[in-house]
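As structure tokens, the structure follows; a few thoughts come after it.
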Amino acid sequence: MLGIGITLGALVVLIIATIVIYNKLVKYKNLMQEAWSAIDVFLKKRHELVPNLVETVKGYATHEKTTLEEITRYRMKAMLSRHNSEDQVASENRLGEALTNLLVTVENYPDLKANTNFLRLQQQLTDLEHDLEASRRYYNGTVRINNIYVEKFPSNIIAGIFNFRKGMFFAADSSEKGVPQVSF
């Protein structure tokens with residue numbers, strides 16, 4: 001009778017231990033999946049937001065770049081045509097028109113300033129990369145906990161029986177989900 005009680009007690013302890021280990025394995029697997037989902041959200045945000053921001057800033061910068069190049073070109077022509085009054089007048093008129101166009105543009109669209117847009121783009125890119133970096137760290141932490149639990153004894157036995165696998169660490173490199181190329 002005592003032997004049966006000890007056997008039943010050991011069996012109950014084994015069943016309870018198996019349930020506890022199994023539940024922890026499920027918890028760690030779900031934490032890994034949740035953490036990966038957060039990374040995926042930031043990668044998607046990067047892929048959708050960054051190209052749109054770059055194109056927006058490019059549009060503003062192109063407009064201003066053209067205007068500023070035009071102003072510089074007309075200014076240079078005006079300076080070089082000092083010896084010929086007709087050329088100088090024509091160049092100064094074109095320079096005045098270009099400056100007026102720039103002032104009208106700035107008056108009508110005060111937030112159409114390249115430096116502001118570039119700074120905003122830079123800040124948004126920085127914030128996005130920081131969020132992504134934090135998500136990677138969290139994900140890799142959940143992978144580490146999961147992997148330890150999948151590999152250590154006796155949880156490795158339960159993990160093997162119920163087909164729990166080690167997670168893969170997220171290593172940042174140039175091949176990750178299409179890193180956008182930002183160029184102006």
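Key figures for this structure:
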{"quantity": "Test: F170 is at pLDDT below 85, within 30 Å of I19 (Cα to Cα) and in a loop (DSSP other than H, G, I, E, B)", "calculated": "yes"}
{"quantity": "Which numbered condition V179 fails, given (1) modelled with pLDDT under 70; (2) within 26 Å of A35 (Cα to Cα); (3) assigned to a helix (DSSP H, G or I)", "calculated": "(3)"}
{"quantity": "Close pairs from the range 141-167: first in contact (Cβ under 8 Å) with a residue 24 or more places away in the chain and farther than 11 Å from L25 by Cβ, partner among the hydroxyl-bearing types (S, T, Y) and part of a helix (DSSP H, G or I), Cβ under 7 Å, at least 6 apart", "calculated": "T142/Y28"}
{"quantity": "Residue list for the range 133-167, filter: at pLDDT below 90 and either among the acidic types (D, E) or over 19 Å from the mean Cα position of the chain (by Cα) (or both)", "calculated": "E133"}
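The values are calculated or read from the model by the stated rules, or taken from the named source; none is laboratory data. As the structure is a computational prediction, the values presented were derived from the model and not from experiment. Heads up, the Cβs are rebuilt from the backbone with ideal geometry, glycines too, and the neighbour counts pull from every protein chain shown.
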